[in-house]
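What follows is a short report on a single structure.
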Amino acid sequence: MAELLMARVLLVDDVYTARSMIERVLARVGGYEVQSVGSGAEAITAALATPPDIIVLDISMAGMDGIDTLQALRHNGLVCPILAYTARTERTPGEFVAQGFDAYVSKNGNLSDLLATVREQLASH
Amino acid sequence: MKLPSGTPPPPPGQPPTLLPDESLAAELLPPLLLSLGILWTFVFGMLMLARYQADAWPYVLTLSLLAIIWSAASLRQRTRLRAAGNILAYGLALLPLFSIASFGFLPNPLVYLSALGVVAAGLLISPGAALRVAALALATLLFLVLFPGLIGQARPSLGEALALLATLTLLLIGVAALIWAAAHHVRGTIRWAIETAWKSERREALLRKAQEDYERALRERDQLNDRLIRQSAELDAARAAAEAAYRSKSNFMATMSHELRTPLNIIIGFSSAMVDHPEMYDDAQLSPAVIADLAEIRRSGQHLLGLINDILDLARVEAGRLELHKTAMPLNPVFEEMLRTAQTLLKERPVQLRSEFAPDLPLVLADETRVRQILLNLVSNACKFTNHGEIALGARADTYELVIWVRDTGIGIDATDQARIFNQFEQVDSEDTRKHTGTGLGLAIFRWLVELHDGRVWLESALGRGSIFYFTLPRVQPALAAGEKAA
């Protein structure tokens, strides 16, 4: 339990308001230590500097999008679980998993879904 | 001007030209007249010198010759060449015969001069005329033989008469025949030449006309070519403009899609956070009234998100941009999920849920997300409009497709409305539907999505009793299924 509470979460989303809200949810409700960045490039730098326990990754970002960021992170040797967190509905959950994500959470659902999935992923890794 | 017999008529509009016969006559007459004039001068001079007084006939004949020469010359002056030829020919043929008056029948060398007249007729008039003149001269001779004393001639003996007649006949007819044959041949050649000339002129005219037509056709073709090039250019420009517009619309839709969803997700997200996890807000105690209102905000936000998704879907479908990621998918898990969702939507209402499908339905070739979307649409509609009774979700496997239905015992749809509801933006207008907020787009998208899967949709419904929405999805063919299993 103690490990979970101190788990480090890296949050990547390029929309400031969304990022700050989700950071607050993860920190206040989930109790995690959250670091949030605004782009794929920053995410790689941050992840390499202090490796997180789980990464919550927005898909639709300008510049380096979620898929590219995922591939770059894996390429750099990061093995922690990476969540796809997105409002886009074009792809099915199965496709995200095929791309290399460990899980998929839709922004259209409730925040509880995100918390539950983060907890699940941390528990199983 | 009389044409030689047998020659074709000249083409219309041709200027009158001297025909060969006439030009021959025109060429022959001057030297002929000149030589006759000289002859006459010689004869008359001789007569005067010799003081011939035996009888008047030589003077008559000489003067007649003079008259003939003079009239022929004057006619030639007035280009009445045919008349001139006639006078000369007939004159030269008949005049020598009258010398019989002075010199008798035999020996009279002068009578044979009438052969000149026959030749003159053949050359100056026509080949046929030679024969006519010969016949006339012979007839005149015969006359003079048979009727002595007409011009003071003595009666000839039978032998003389026969000799003269025979010789002159041979001479005149022979000459006429020879002239006729020669002229006929010449005639034929001339006629052929004239015909050929006219034919070639006609051909030339046709050729000119054909050339003009050809040039006109070439000009038209050039004009058409220019027009074609211009239209091709316009077409290319139009196509480029259309593609640019299409691309910008696609970009617009992609951008709008993201732009619209982002703020909505924040509305939904924050209101969710406030409702579900008020502990985030520094333990501020939110009153139940505030939380209830926040819940409304969240519900509206989710509803708006649904509307936007529908609109963007429909826009994508219309632009032909809705892409399906078809796979061989099993339906049973989706059906189970839908039944669970229906249970949640129905909450405490007295509606029974039934499943009418086998546990091992065959695979269908479809886009999983879209199938979910379709079923969610139908199931949530059923839940919305049914307050008691049952809602059933079922499927049946046919040879090439799966028939799927969602049945409810809800308010039903009127017959006139049934045709309309699949059209976009049309919602059944009634008390019940106005009570329920909903979008009219859902069923239109439902039909589009099914048809994009090569399926069909249809509806059975009765007002007040309920509805059954049917649709089909294509089954996965064995080869494909085997491939999927292998993968």
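The values are calculated or read from the model by the stated rules, or taken from the named source; none is laboratory data. Quick caveat: nothing in here was measured; it's all calculated off a predicted structure. Neighbour counts run over all protein chains shown; Cβ positions are idealised from the backbone, glycine included.
May I ask you to verify whether A:Leu111 is touching a residue at least 12 places away in the same chain (Cβ under 8 Å) and within 14 Å of another protein chain (Cβ to nearest Cβ)? Don't jump to the end; show me each part of the working.
Details: touching a residue at least 12 places away in the same chain (Cβ under 8 Å): yes; within 14 Å of another protein chain (Cβ to nearest Cβ): yes.
It is true that A:Leu111 is touching a residue at least 12 places away in the same chain (Cβ under 8 Å) and within 14 Å of another protein chain (Cβ to nearest Cβ).
Starting from segment B:295-314, keep only residues that are assigned to a helix (DSSP H, G or I), then list their pairs with residues that are at pLDDT below 85 and basic (Lys, Arg) whose Cβ atoms are within a distance under 8 Å, requiring at least 6 positions of separation or different chains.
Qualifying pairs under 8 Å: B:Leu305/B:Arg261; B:Ile308/B:Arg261.
Do the conditions hold for B:Arg372, that is, is it within 14 Å of chain A (Cβ to nearest Cβ) and either within 19 Å of B:Arg447 (Cβ to Cβ) or within 60 Å of the chain's Cα centre (by Cα) (or both)?
It is true that B:Arg372 is within 14 Å of chain A (Cβ to nearest Cβ) and either within 19 Å of B:Arg447 (Cβ to Cβ) or within 60 Å of the chain's Cα centre (by Cα) (or both).
Taking only segment B:87-117 into account, find how many residues are among the hydrophobic types (A, V, I, L, M, F, W, C) and more than 22 Å from B:Ala72 (Cβ to Cβ). Steps first, answer last, please.
Residues of segment B:87-117 among the hydrophobic types (A, V, I, L, M, F, W, C): B:87-89, B:92-95, B:97-98, B:100-101, B:103, B:105-106, B:110-111, B:113, B:115-116.
Restricting the remaining residues to those that are more than 22 Å from B:Ala72 (Cβ to Cβ) gives B:100-101, B:103, B:105-106.
Qualifying residue count, segment B:87-117: 5.
Only one of B:Asp276, B:Asp293 is more than 10 Å from chain A (Cβ to nearest Cβ) and among the acidic types (Asp, Glu); which? Lay out the reasoning, then the answer.
Working: B:Asp276 fails: more than 10 Å from chain A (Cβ to nearest Cβ).
Answer to the selection: B:Asp293.
Yes/no per residue for (1) among the basic types (Lys, Arg); (2) within 22 Å of A:Thr50 (Cβ to Cβ); (3) out of contact with any strand residue (DSSP E or B) (no Cβ under 7 Å at 6 or more places or on another chain); (4) at pLDDT below 80:
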{"site": "A:Ile67", "(1), (2), (3), (4)": "no, no, yes, no"}
{"site": "A:Leu70", "(1), (2), (3), (4)": "no, yes, no, no"}
{"site": "A:Leu73", "(1), (2), (3), (4)": "no, yes, no, no"}
{"site": "A:Gly77", "(1), (2), (3), (4)": "no, yes, yes, no"}
{"site": "A:Glu90", "(1), (2), (3), (4)": "no, no, yes, yes"}
{"site": "A:Glu95", "(1), (2), (3), (4)": "no, no, yes, yes"}
{"site": "A:Phe101", "(1), (2), (3), (4)": "no, yes, no, no"}
{"site": "A:Val105", "(1), (2), (3), (4)": "no, no, no, no"}
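Could you list, in sequence order, the residues of segment A:47-70 that are within 24 Å of A:Ala7 (Cβ to Cβ), in contact (Cβ under 8 Å) with a residue 24 or more places away in the chain and either hydrophobic (A, V, I, L, M, F, W, C) or surrounded by fewer than 19 Cβ atoms within 10 Å (Cβ to Cβ) (or both)?
Of segment A:47-70, the ones within 24 Å of A:Ala7 (Cβ to Cβ) are A:47-59, A:61, A:66, A:69-70.
This time we only want the ones that are in contact (Cβ under 8 Å) with a residue 24 or more places away in the chain, so: A:47-48, A:50-59, A:61, A:66, A:69-70.
Matches in segment A:47-70: A:Ala47, A:Leu48, A:Thr50, A:Pro51, A:Ile54, A:Ile55, A:Val56, A:Leu57, A:Ile59, A:Met61, A:Leu70.
Residues are listed down the side, and each one gets a yes or a no for (1) out of contact with any His (no Cβ under 7 Å at 6 or more places or on another chain); (2) surrounded by 19 or more Cβ atoms within 10 Å (Cβ to Cβ); (3) among the charged types (D, E, K, R); (4) more than 25 Å from B:Leu28 (Cα to Cα):
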residue: B:Ser114; (1), (2), (3), (4): yes, yes, no, no
residue: B:Ala121; (1), (2), (3), (4): yes, yes, no, no
residue: B:Gly128; (1), (2), (3), (4): yes, no, no, no
residue: B:Val133; (1), (2), (3), (4): yes, yes, no, no
residue: B:Phe143; (1), (2), (3), (4): yes, no, no, yes
residue: B:Leu146; (1), (2), (3), (4): yes, no, no, yes
residue: B:Ala154; (1), (2), (3), (4): yes, no, no, yes
residue: B:Ala166; (1), (2), (3), (4): yes, no, no, yes
